[in-house]
Amino acid sequence: MRATLEPPDRSARPLARGISFQLSTRYSPCSFRSIFRAETAPVEAVMTKLRVLVVDDSLTIRATLEEILQRGDRCRVVGSAATIEEARALILSQDPDVITLDLALPGMDGLSFLDERKAPHLAPSIVISSSTPPGTPASREAMARGAAACFDKGRLVAEGPRLVRELQLAALTHLRQRVAKLERDLKLSGQSC
């Protein structure tokens with residue numbers, strides 16, 4: 001089995017700064033280990049613009065989040081949703097790398113949404129809610145249900161840079177887990193690196 005790098009096209013997604021590729025039908029994740037071995041490298045050195053979906057029922061919070069996330073060159077907001085139904089449609093059409101999620105939403109709440117997004121291949125979610133300051137029962141519950149991190153809405157502007165780092169870290173961790181799963185699957189099928 002050989003990994004083949006194909007020239008980037010419009011459907012290729014960048015996975016590391018300056019590297020865009022599509023995997024052909026015959027691939028070995030082992031060939032791509034060097035891309036994901038940046039265990040000690042700063043997140044900023046590894047990630048390209050992160051594709052973020054913002055889910056919050058408050059127009060003001062959505063606008064604030066979009067401004068914070070798009071200040072630098074690290075994030076690009078690919079969609080903004082006021083409800084879980086809108087978020088589902090945007091997830092299918094925009095394929096975000098990571099999701100910011102309020103817990104108090106009309107219709108389905110954020111915790112139930114976290115429950116339905118526990119599959120390892122789905123983009124990670126970071127909860128941003130007025131009920132999730134660190135150490136509160138709501139933040140512990142959100143983390144137990146699969147949130148990558150929790151932020152207090154009241155400190156959103158002050159913690160903007162940390163939020164961007166957490167979004168990048170969540171996306172990078174998710175990507176590494178997917179590569180590790182591919183490697184395990186290859187080993188189970190009798191193929192080796």
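The values are calculated or read from the model by the stated rules, or taken from the named source; none is laboratory data. Not measured: the values here are computed from a predicted model. When we count neighbours, we look across all protein chains shown, and the Cβ atoms used for this are built from the backbone with ideal geometry, even at glycine.
Within the range 113-144, how many residues are surrounded by 15 or more Cβ atoms within 10 Å (Cβ to Cβ), in contact with a strand residue (DSSP E or B) (Cβ under 9 Å, 6 or more places away or on another chain) and of a type outside the set (A, V, I, L, M, F, W, C)? The qualifying residues number 9. Among the numbered conditions (1) at pLDDT below 50; (2) surrounded by 15 or more Cβ atoms within 10 Å (Cβ to Cβ); (3) not in a strand (DSSP E or B), the only one that Leu15 does not meet is (3).
Just so you know, in the range 51-109 the residues that are among the basic types (Lys, Arg), within 18 Å of Gly160 (Cα to Cα) and out of contact with any Asp or Glu (no Cβ under 8 Å at 6 or more places or on another chain) include one that is modelled with the lowest pLDDT, and it is Arg71.
Residues of the range 53-77 being under 18 Å from the mean Cα position of the chain (by Cα) and surrounded by 18 or more Cβ atoms within 10 Å (Cβ to Cβ), which ones? Once the filter is applied, which keeps residues that are under 18 Å from the mean Cα position of the chain (by Cα) and surrounded by 18 or more Cβ atoms within 10 Å (Cβ to Cβ), the range 53-77 yields Leu53, Val54, Val55, Asp56, Arg62, Leu65, Ile68, Leu69, Arg74, Cys75, Val77. Entry remark, the range 132-151: residues being modelled with pLDDT of 90 or more and either closer than 15 Å to Val55 by Cβ or touching an Asp or Glu at 6+ places or on another chain (Cβ under 8 Å) (or both) number 8 in total. Looking only at the range 177-193, filter to residues that are among the polar types (S, T, N, Q) and not in a helix (DSSP H, G or I); which one of those is nearest to Ser125 (Cα to Cα)? For the range 177-193, the residue satisfying everything is Ser189.
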